[in-house]
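To start, the structure under review is shown below, and the notes come after it.
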Amino acid sequence: MTSKNIDNFIGIDISKAELDVAIWGKGSYWQISNDIQGRQELIRRLKGLNPRLIVVEASGGLEQPLVRELDQANLPVAVVNPTRVRNFARSAGQLAKTDKLDAEIIAQFAQAMRPKVRPLRTRQQEHLGALVTRRRQVVDAITAEKNRKATAHPALQEQIQRHIDWLEEELKELDNEIDQLIQQSDEWREKAAILSSVPGVGPVTVSTLVAKLPELGSRNRQQIAALVGVAPVNKDSGKKRGKRRVFGGRASVRRVLYMATLAATKFNPIIRAFYERLLANGKEKKVALTACMRKLLVILNSMIRHKKLWCASLV
């Protein structure tokens, strides 16, 4: 049979040293080393299976070499949030956890849920994403060191300060490198100019949105809100109406969007008026801020789609 086998749904559980592979409904499972040779052997075997879909979990970056090589081999691969798979496993009554069982439940998830194959990021996108992630790590390290200095023995404070100074220089270099990389791309440069025109949206928010939310401008308002995790989810049962909550989505994007929204409630006339109206109507501050996050994101999405700079009268 030379055509694609529609029954072959593959689940791969990824660890630093091993790859555990299962085929849905076939009772087929094997383990292979997670190195160049092992991944090449895996791709050779998968090509012979003509899979309909291969699913892996996002694993803090461990999945990236395999996903890149699968994509280069023209094999259909989807990367999914591990929480979705865990929830699916619980709904299927799968409580035990081993590497083999994880691979099998991922394969079952692939067959049942059919997640979409997402285009692989370019090397330039990966580079920018890595720089933005590293910037956040350096900022966290600076904050941690400043907290340590506040309670450290006087004999150690000068040493801690030297480390803070070094980290702050690293932060400046990262900011310059991020800016230079964005300026090298016509598309990114245009996006950055549009986003920067919005009151409350600063350089960190701009670079994070460009790097971590490439879908901005290409999805509708509901889809983009769900991607970031600011779409309220109903918690209703019978006559009971629970509180709407937001969760999931891209935490790194949501984090900077929150900070941008705080600034926007002070300096952006549209967001400020919306925030004040929600508070006047009795909304809790946290609820009002979340609603403002969604509104700001929807505005940014529309601006990128229509390639329009900020203009309060047009929002």
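Throughout, read-outs are computed from the coordinates displayed, never taken from laboratory work. Computed from a prediction, not measured in an experiment: that's the story for all the values here. With ideal geometry, Cβ positions are generated from the backbone for all residues, glycine too; neighbour counts draw on all protein chains shown.
Assorted remarks:
- Fewest-first sequence of MET259, MET303 by Cβ atoms within 10 Å of each Cβ: MET259, MET303
- One chain, two ends: ILE160 and ASN147. Fully extended at 0.36 nm per residue, the span grows by 3.7 nm beyond their Cα-Cα distance.
- Straight-distance candidates among the aspartates and glutamates for linking to LYS97, with alpha-carbon spacing under 19 Å and chain neighbours fewer than 8 residues away dropped: ASP13, GLU18, ASP20, GLU57.
- Per-residue ellipticity at 222 nm from helix content only, as computed over the chain with -39500 (n - 2.57) for each DSSP H run of at least four residues, stands at -19500 deg cm²/dmol.
- Partners for LYS285 among aspartates and glutamates (Cα-Cα distance below 15 Å; same-chain residues under 8 apart left out): GLU276
- Each of LEU75, LEU297 has some number of other Cβ atoms within 10 Å of its Cβ, and from fewest to most they run LEU75, LEU297.
- Crossing angle, helix 99-113 versus the chain [Cα axis fit, 0-90 degrees, rounded to tens]: 80
- Matching the structure-derived Cα extents along the principal axes in Å against the labelled list (i) 63, 61, 44; (ii) 83, 49, 46; (iii) 63, 41, 32 gives the label (i).
- Ranked by how many other Cβ atoms sit within 10 Å of their own Cβ, fewest first, the residues ARG136, ARG123 fall in the order ARG123, ARG136.
- When each of LYS47/LYS212; LYS116/LYS308; LYS266/LYS295 is checked by Cα-Cα distance, pairs over 20 Å: LYS47/LYS212; LYS116/LYS308
- From the C-alpha gyration tensor of the stretch 87-184, square roots of 5λ in Å: 42, 24, 8
- Rounded to the nearest 10 degrees, the angle from helix 82-91 to the longest Cα principal axis of the chain is 60 degrees.
- Taken about its Cα centre, the chain carries a charge dipole of roughly 1960 debye when the Cβ of each Lys and Arg holds +1 and the Cβ of each Asp and Glu holds -1.
- Here's the picture: charge each Lys and Arg Cβ at +1 and each Asp and Glu Cβ at -1 in the chain, and of ALA225, THR98, SER33 the one pushed furthest to the positive end of that dipole is ALA225.
- For the stretch 9-113, the relative contact order comes to 38 percent (Cα pairs under 8 Å, sequence separation of at least 6).
- Within straight-line reach of LYS172, meaning a Cα separation under 16 Å, sit the following aspartates and glutamates at least 8 residues removed in sequence or on another chain: ASP140.
- Spin-label zone in the stretch 283-315 - amide nitrogen under 18 Å from a point set 7 Å from the Cα of ARG189 along the C-beta vector: 307-309
- Beta bridges from DSSP with both residues in the chain: antiparallel share about 65 percent, rounded to the nearest 5.
- The angle between the Cα long axis of helix 36-49 and the main principal axis of the chain comes to about 60°, on a 0 to 90 degree scale.
- When the charge dipole of the chain is built from unit charges on Cβ atoms (+1 for Lys and Arg, -1 for Asp and Glu) and taken about the Cα centre, the candidate among SER207, LEU49, HIS306 whose Cα reaches farthest toward its positive end is HIS306.
- Amide H contacts for SER28 (H built 1.01 Å from N in the peptide plane; partners 5 or more residues away or on another chain; cut-off under 5 Å): ILE23.
- In this rough spin-label picture, where each label sits 7 Å from Cα along the Cβ direction, the ASN74-VAL117 distance is 1.0 nm.
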